[in-house]
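Everything below concerns the one structure shown next.
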Amino acid sequence: MERLDINQRRLFNTSNSRMTIMPAWVIDRYGSNDVLRFTKNAGFPIINYPNEVVVQVHAAGLNPIDVSMRGGYGAATMAMKRDPLNINQSGSEFPLILGRDMSGVIMECGLDVASAYFKEGDEVWAAIPPWKQGSLAEFVVLSANEVSKKPKCLSHIEAAAVPYVAATAWSALVNTGGLNKDNCAKKRILILGGSGGVGTFSIQMLKAWGAHVTVTCSQNAERLVRGLGVDHVVDYTAGPVEVPLRALEKFDLVLDNVGGDTESWALGLLKPWCGAKYVTLVTPFLCNTDRLGIADGMLQTGVTVASKALKHLSKGVHYRWGMFAPNGLALDDISEMVDAGKIRAVVEEEFTFSQVPQAMLKVEKGHARGKTVVKISSGEDSSE
C-alpha cells in the first residue's frame with residue numbers, strides 16, 4: 001500500500017493549471033477488504049458532458065452496497081451501464097472507487113449547467129449511481145440531475161449520511177409504493193428492518209407525512225427508532241417476528257429491508273383488495289445478471305417478478321420490487337424537509353479518510369444503527 005499522506009501537495013498539469021491526480025481509495029480487483037488500496041495518483045475526474053459538475057468531496061457515506069460491490073456484486077450490470085456497446089475489455093472499470101453518498105462543494109460546472117441553480121462554491125449532496133466512480137476520493141464528477149443543494153442545517157458529515165438511503169426509500173415508497181405527502185395520513189405502514197439507513201430515513205419521512213409506522217428491530221435499537229417517532233416496535237429477537245405482527249391490524253404497505261423468508265408471511269399482513277402493497281428492496285436482479293449474464297439474467301428476473309406479482313394479485317395484494325434510482329429532484333424535497341426539522345441525519349459512527357478499511361468492516365458487520373460516514377476533505381465545514 002502506498003504511504004498514506006492525504007495532506008500531500010497536489011500535482012498540477014502546468015499547461016492548463018488543472019489538477020490531474022487526486023487521493024482516493026480504490027480497488028484493482030474484486031474481493032474482501034484487503035483489496036482496498038489508497039493511492040495519491042487516482043485520475044482526476046473530468047467533465048465529459050455539458051450537464052456535469054465536478055464536486056470536491058467533504059464527506060462520504062458508506063452503505064451495504066459498497067461492501068457488496070467490493071466483492072463483485074452487480075459487476076455484469078454495472079459494466080453494461082458504463083459501456084453499453086461493450087467496446088472496452090473486461091476489467092476496464094478498475095481502478096474502481098466505491099462510495100455512494102457524497103456531500104461537498106461544486107468546483108466546476110459544465111456549459112449546460114444553469115448558473116441560476118448551480119454555480120461554483122455551492123454546497124451540494126448527492127446519491128451516486130453505482131455504475132459511476134464513487135465518493136471515497138477527493139473529487140467526483142456527477143450529472144447535475146443527480147445533485148441537490150445540501151440542507152443548510154446539516155454539516156457535511158451529517159449530510160453524507162442521507163442521500164443514498166433517501167433516494168432508495170423515495171424510489172421504494174413513492175415511485176413504487178405510490179405514497180406521497182397528500183395520501184399518507186393515517187395509513188398503516190410496516191417497515192421490516194427499521195434501524196438501518198433506509199429504515200431510519202423511511203420512518204421520519206412517513207411520520208412527517210402523517211402515517212402510522214410499525215417497525216421490526218432488535219431490542220437494543222428500540223430507543224433509536226422510538227426517538228424517530230415510530231408508533232409500534234416489534235422485537236425480532238424475541239421469537240418468530242411474524243407471530244406478534246399477525247396479531248396487529250393489517251397494513252396498507254410493507255417495506256422489506258430484510259429479505260430471506262419474509263416473503264412467505266409478510267404479504268399476509270396486508271389489507272386484501274384495498275390496493276395494499278408489499279415492496280421489497282432485497283431482489284435477485286443483480287445476482288441473476290451476474291450468474292446468467294445480462295440477457296438471460298434479465299429474462300429470469302422478469303419471469304420471477306411477473307409470476308410473483310400475479311400469484312399475489314389473485315389474493316388481493318400487490319407484490320413489487322423497489323430499487324435505488326438517482327433523483328436530484330427528490331433530494332430537493334428532502335432537503336426542504338430536513339431544513340424544516342422534519343428529518344434528521346442518523347450518523348452511527350464517523351471515520352477519517354485514512355480509516356476507510358475500518359469503516360468498510362464496520363458496515364460489513366451489519367446490525368446498523370444509522371449510517372457510517374467518512375470525512376474526506378480536510379477543509380473547514382461551514383455548517384459545523
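What to note about this one:
- For the chain, the per residue solvent-accessible surface stands at 45 Å², with DNA, RNA and ligands left out and a 1.4 Å probe.
- Restricting the range 71-132 to chymotrypsin sites (Phe, Trp or Tyr not before Pro) in coil, as DSSP defines it, with at most 15 other Cβ within 10 Å: Tyr117, Trp131
- Trypsin sites (Lys or Arg not before Pro) within the range 159-248, DSSP loop, no more than 11 other Cβ atoms inside 10 Å: Lys186
- Taking every alpha-carbon pair under 8 Å whose residues sit at least 6 apart, the range 177-321 reaches a relative contact order of 20 percent.
- The chain, accessible surface, carbon-and-sulfur percent (1.4 angstrom probe): 53
- List Asp34, Asp66, ordered by accessible area with a 1.4 Å probe, largest first: Asp34, Asp66
- P(r) tail fraction, the chain - alpha-carbon pairs more than 30 Å apart, %: 40
- Here the relative contact order of the chain, from alpha carbon pairs under 8 Å that lie six or more residues apart, stands at 20 percent.
- Listed residues Leu111, Leu292 arranged by accessible area, highest first, probe 1.4 Å: Leu111, Leu292
The values are calculated or read from the model by the stated rules, or taken from the named source; none is laboratory data. All figures in this text were calculated on a predicted structure; none of them were measured in a lab. A quick note on method: Cβ atoms are made from the backbone with ideal geometry, for glycine too, and the neighbour counts reach across all protein chains shown. For the accessible areas, the whole protein counts, side chains as well, though only heavy atoms, and no ligand, DNA or RNA atoms are used. Shrake-Rupley method; radii C 1.70, N 1.55, O 1.52, S 1.80 Å.
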